[in-house]
1. What is the extension gain from residue A:25 to residue A:62, computed as 0.36 nm multiplied by their sequence separation minus the C-alpha to C-alpha distance, in nm to one decimal?
2. Residue-wise, which Karplus ³J(HN,Hα) couplings in Hz belong to segment A:14-22, taking 6.51 cos²θ - 1.76 cosθ + 1.60, θ = phi - 60°, and x for glycine or proline?
3. Could you state the number of Å between the C-alpha centres of segment A:103-165 and segment A:1-33?
4. Evaluate the relative contact order of chain A (contact order divided by residue number), counting alpha-carbon pairs under 8 angstrom at least 6 apart; express in whole percent.
5. What is the ratio of the Cα radius of gyration of segment A:1-88 to 2.2 N^0.38 Å, where N is its residue count, to two decimals?
6. Could you do me a favour and compute the accessible area per residue for chain A, 1.4 Å probe, result in Å²?
7. To the nearest 20 Debye, how big is the dipole of segment A:3-196 about its Cα centre, given +1 on the beta carbon of each Lys and Arg and -1 on that of each Asp and Glu?
8. Quick one: length gained pulling residue A:181 to residue A:16 fully straight, 0.36 nm per residue minus the C-alpha distance?
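The values are calculated or read from the model by the stated rules, or taken from the named source; none is laboratory data. Since the model is a prediction, treat every value here as computed from it, not as a measurement. Cβ coordinates were reconstructed from backbone atoms using ideal geometry, including for glycine residues, and neighbour counts include every protein chain displayed. The protein model used for the area step is the full one, side chains on, heavy atoms only, and it has no ligands, DNA or RNA in it. Shrake-Rupley method; radii C 1.70, N 1.55, O 1.52, S 1.80 Å.
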Amino acid sequence: MPLNIRGVEIHQHILDRPAQEAMVEELRAVQAAAPLFSPKTRWGKEMSVRMTSAGKYGWYSDARGYRYEARHPDGGAWPPIPPSVLALWHDLTGLARAPDCCLINYYGETARMGLHQDRDEADFTWPVMSVSLGDDGLFRIGNEARGGKTESIWLASGDVAMLTGASRLLHHGIDRIRPGSSTLLARGGRINLTCRVVD
DNA sequence: AAGTAACA
DNA sequence: CTAT
């Protein structure tokens with residue numbers, strides 16, 4: 001049974017080491033076709049996390065705000081979502097519907113992500129699946145509205161967090177990673193995948 | 001505010 | 001340094 005924090009279901013080490021390695025190998029191909037980039041916020045600040053996407057849409061941000069785009073900023077379509085990620089999605093959600101977007105976030109040693117909601121999708125009844133690979137990340141879970149108390153948990157490589165039901169619109173973020181805590185990624189750092197149904 | 005800084 |  002998964003841990004439950006404010007309705008967020010956290011499946012610890014649901015992926016064993018070989019499964020993590022296989023997923024990373026598939027993600028290498030995605031990054032080769034759709035290179036990582038650092039989006040800018042509406043206020044012109046570059047995010048510390050580098051990202052790319054796979055699937056029908058990719059998440060994007062610039063001076064116009066947050067949105068999903070059908071193409072990488074370089075102009076090409078996003079690569080397909082890797083089979084291992086789709087298999088995990090169908091296994092954990094029980095849904096026949098595939099996600100439209102697999103956002104790939106790469107956290108270097110000093111990367112962070114402030115508290116935010118995933119609310120650029122059309123229908124919040126679909127869950128969001130978040131997969132951690134590589135170094136540990138300190139995950140903070142807040143409330144639907146900004147402010148108030150929060151709870152934190154260290155996410156490790158192979159952990160999967162599901163934002164589902166009433167927890168779907170909770171604020172969440174990564175305070176920091178723990179550099180060198182995993183040997184999964186040759187260059188270190190942390191990869192987080194978030195799969196969403198967009199349309 | 002998917003950001004940053006100040007302060008305890 | 002970490003937590004808020």
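1. 10.4 nm
2. These are the phi-based 3J(HN,Hα) values: 6, 9, 7, 4, x, 5, 5, 5, 5 Hz.
3. 13 Å
4. Relative contact order for chain A comes out at 26 percent.
5. It is 1.29.
6. Values: 9480 Å² over 199 residues.
Per-residue accessible area for chain A comes out at 48 Å².
7. Rounded to the nearest 20 debye, it is 600 debye.
8. Details: separation 165, 0.36 × 165 = 59.40 nm, distance 1.61 nm.
Full extension from residue A:181 to residue A:16 adds 57.8 nm.
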